[in-house]
1. Per-residue ellipticity at 222 nm for the chain, helices alone: DSSP H runs ≥ 4 residues times -39500 (n - 2.57), over residue total, nearest 500 deg cm²/dmol?
2. What percent does the relative contact order of region 1-136 come to when contacts are Cα pairs within less than 8 Å and at least six residues apart?
3. Name the aspartates and glutamates eligible as straight-distance cross-link partners of residue 173: C-alpha to C-alpha under 20 Å, and not fewer than 8 places from it in the same chain.
4. For region 96-179, with only Lys/Arg (+1) and Asp/Glu (-1) charged at the beta-carbon, what is the dipole magnitude about the Cα centre, in debye rounded to 20?
5. Tally up the carbon and sulfur contribution to the accessible surface of the chain as a whole percent, 1.4 Å probe, everything protein left in place.
6. Taking the Cα centre of region 62-114 as the origin, how large is its charge dipole in debye, to the nearest 20, when only Lys and Arg (+1) and Asp and Glu (-1) carry charge on their Cβ atoms?
7. Give the residue from 104, 142, 21 lying farthest towards the positive end of the charge dipole for region 1-147; charges sit on Cβ (+1 for Lys and Arg, -1 for Asp and Glu) and the dipole is referred to the Cα centre.
8. Going by a ≥ b ≥ c, the root eigenvalues of the Cα gyration tensor, does region 130-200 fall in the rounded group (a/c under 1.5), the prolate group (a/b larger than b/c) or the oblate group?
Amino acid sequence: MNTSTPASSVQARRLLIVGPPGAGKGTQAVRLAEELSIPAISTGDIFRANVSGQTELGVLAKSYMDKGEYVPDSVTNDMVRSRLAEDDAQDGFLLDGYPRTLDQVSALDGMLTELDTTLDAVLLLVVETEEVVGRLVERGRAQGRSDDTEETIRHRLEVYSEQTAPLIDVYEKRDLVRRVDGMASIDDVTTSLRGALASR
């Protein structure tokens with residue numbers, strides 16, 4: 001007989017996971033979402049689904065990507081809004097990679113108001129910059145990824161820091177941020193995330 005506390009007893013079910021490139025957000029998002037029986041929603045997955053499905057938004061997004069341009073916030077916001085309105089997200093969701101800007105924070109607030117719900121928690125994976133640089137450089141070598149050079153990695157981390165610090169401040173003021181050590185083993189990070197939610 002299993003005497004451990006089931007994941008379903010954790011009340012927080014509308015979540016964001018935040019952390020720099022290389023922090024392991026994707027891995028942890030999938031694990032936690034599976035435990036909570038909610039969808040892990042990444043902006044990358046949303047884009048791919050819309051583009052491959054040739055939805056109106058997907059065609060619009062592809063027109064920007066084909067020209068090497070950034071997809072405007074308005075298009076990204078509409079894709080996220082559409083995804084959050086799907087049946088499987090009605091009882092909760094774990095967003096990964098969105099919001100990335102203060103404007104997107106405001107857009108998400110509006111979407112949640114439309115859905116008559118609010119965020120329960122923002123899970124922040126805290127990592128050591130030098131450790132992440134080393135981890136990503138090693139991954140780049142192992143996988144032959146030309147974009148994972150030390151220079152490009154450091155630039156991505158700088159961009160993340162510039163864009164994300166203001167977001168964390170906003171959610172800190174709402175008492176939503178739960179910090180977790182992202183440098184631990186994958187299993188330990190999952191356990192810490194679970195504990196951070198249960199302690200609310």
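The values are calculated or read from the model by the stated rules, or taken from the named source; none is laboratory data. Just so it is clear, the model here is predicted, and its values are computed rather than measured. Here the Cβ positions follow ideal geometry from the backbone for every residue, glycine too, while neighbour counts run over all protein chains shown. What goes into the accessible areas is simple: the full protein's heavy atoms, side chains included, and nothing from ligands, DNA or RNA. Shrake-Rupley method; radii C 1.70, N 1.55, O 1.52, S 1.80 Å.
1. When only DSSP H runs of four or more count, the value is -17500 deg cm²/dmol.
2. Taking the mean separation of contacting Cα pairs over the length of region 1-136, I get 41 percent.
3. The qualifying aspartates and glutamates are 103, 109, 120, 162.
4. Magnitude of the dipole: close to 220 debye.
5. The C+S portion of the solvent-accessible surface of the chain is 48 percent.
6. Here the size comes out at about 240 debye.
7. Going by the Cα projections, it comes out as 142.
8. Oblate.
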